[in-house]
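Here's the structure, in structure tokens; my notes come after.
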Amino acid sequence: MKKIITIVGARPQIIKSSAISRAISTHFKDELKEVIVHTGQHYDENMSHVFFEEMAIPFPDYNLNVGSGSHGKQTAKMLEGLEEIFQKEEPAAVLVYGDTNSTVAGALAAIKIFIPVIHVEAGLRSYNKAMPEEVNRIACDHMSTLLFTPTLSGITNLKKEGFSMDTSERASVNQPHVYHCGDIMYDNSLHFSYVSEEKSTILNELGLAADQFVLCTVHRDSNTDIKENMEQIFSALLAIGENSGLKIVLPLHPRTKHKMKDQLSDELYKSIEESEDLLIIPPAGFLDIIALEKNARMIVTDSGGLQKESYFFQKPCVILRPQTEWVEIVENGNALLADADYDRIVDGFNQLLMKDDYTYPTYYGDGKAAEFICQKIIDQL
């Protein structure tokens, strides 16, 4: 039996990890043993603990409790704690997800002591190194032995960076294997869609009807830390709500809530407080988010995860960023890049609202990405 250590630390990773944990317990429990390490990168109770319960996945075997801090301090604390755990557990490999500080810390701590790294969601690129996430994902890919990319564009990106697609030799850090596996979040969306229908009551609690509201999330520091961007985004949301007749439902990330009073003018902040069109709610659990996604008329977000999930649930999406890793949904006309620009947000929303010829090609696999990943780990490590 091969032991792997899974690193999670932020909300999206906790969700992503549930697909692999579920595949192991269902199909590979005699071949793989998973040890879960939570770095504590997200320390808010509503953004972490509740997700383990909702996903019905094991609670972490270790929690580093690193909390908030600068990128350097946070990553340094993780490196120290992770190296100690890796030396104690002696895993066959370390599995990391996505592009956070937890991702790059897990990869670096592992490769320094010659433990193979498995990167799920490899090959994604925004081609904007001003984003810390872009630096994290590039660095992690080049430290990995097994790279699993959800999209064909990820394969193209890795080829550009010199990765060979040859998998004839056994995988190693000097001969990494790259696989197009589909998206584990599609696995999760299929699985938890049914669970959400049974368990989520958020629509009734908020008095929402299907297709009568817009789901919005704002959390990236490139938006929340820049006054002009916050002003543009929230002004656009108020305009959309007023002119469309649709409620704007905004589960408010703790970071955004903290920043709103500092970054928004008193007049705009007062307008938000008094608006009947903008419904601000606390961070929602994953099952509630799925219920909101499935029933929204449209999604407006700067979250990479929600961009994809909008596609999974066949909802148009306005992206509050200048670029996206999920280029397929933009190229296919399912989403528009609006950045933090009032006119582009409002015009993009109206354009997508009027569009009636949406198509949804199977860009993200067959819903069995996690099984594919587990089998390759068994075969190659």
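The values are calculated or read from the model by the stated rules, or taken from the named source; none is laboratory data. All of these numbers come straight from a predicted model, not from anything done at the bench. Heads up, the Cβs are rebuilt from the backbone with ideal geometry, glycines too, and the neighbour counts pull from every protein chain shown.
A few comments on the model shown:
- Meets criteria (modelled with pLDDT of 95 or more and touching an Asp or Glu at 6+ places or on another chain (Cβ under 8 Å)) for residue 123: yes
- Residue 66 being in the same structural domain as residue 31 (by TED's automatic domain parsing), in a strand (DSSP E or B) and crowded, with 18+ Cβ neighbours inside 10 Å: no
- Filter result for the condition that a residue is in contact with a helix residue (DSSP H, G or I) (Cβ under 8 Å, 6 or more places away or on another chain), on the phi > 0 side of the Ramachandran plot and modelled with pLDDT of 95 or more, over 207, 162, 182: 182
- Within the range 185-209, restricting attention to residues that are small (Gly, Ala, Ser) and surrounded by 16 or more Cβ atoms within 10 Å (Cβ to Cβ), the residue that is nearest to residue 246 (Cα to Cα) is 200.
For every residue, the table says whether it meets (1) among the hydrophobic types (A, V, I, L, M, F, W, C); (2) in contact with a Cys (Cβ under 6 Å, 6 or more places away or on another chain).
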| residue | (1), (2) |
| --- | --- |
| 226 | yes, no |
| 282 | no, no |
| 307 | no, yes |
| 310 | no, yes |
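- Just one of the listed residues (124, 158) is surrounded by fewer than 24 Cβ atoms within 10 Å (Cβ to Cβ) and touching a residue at least 24 places away in the same chain (Cβ under 8 Å), and it is 158.
- Within the range 266-293, residues that are touching a residue at least 40 places away in the same chain (Cβ under 8 Å) and within 13 Å of residue 206 (Cβ to Cβ) reach no partner that is aromatic (Phe, Trp, Tyr) and in a helix (DSSP H, G or I) with beta carbons closer than 8 Å at six or more positions or on different chains.
- Selection of the range 100-116 for residues being in contact with an Asp or Glu (Cβ under 8 Å, 6 or more places away or on another chain) and either buried (at least 23 other Cβ atoms within 10 Å of the Cβ) or in contact (Cβ under 8 Å) with a residue 60 or more places away in the chain (or both) yields 100, 109.
- Entirely in the range 226-297, the helices (runs of 4 or more DSSP H) that have 1 or more residues that are over 30 Å from residue 188 (Cα atoms) and either modelled with pLDDT of 95 or more or assigned by TED's automatic domain parsing to the domain that holds residue 345 (or both): 227-244, 254-263, 266-274
- Counting only residues that are farther than 14 Å from residue 262 by Cα and within 22 Å of the chain's Cα centre (by Cα), the range 218-234 holds 5 of them.
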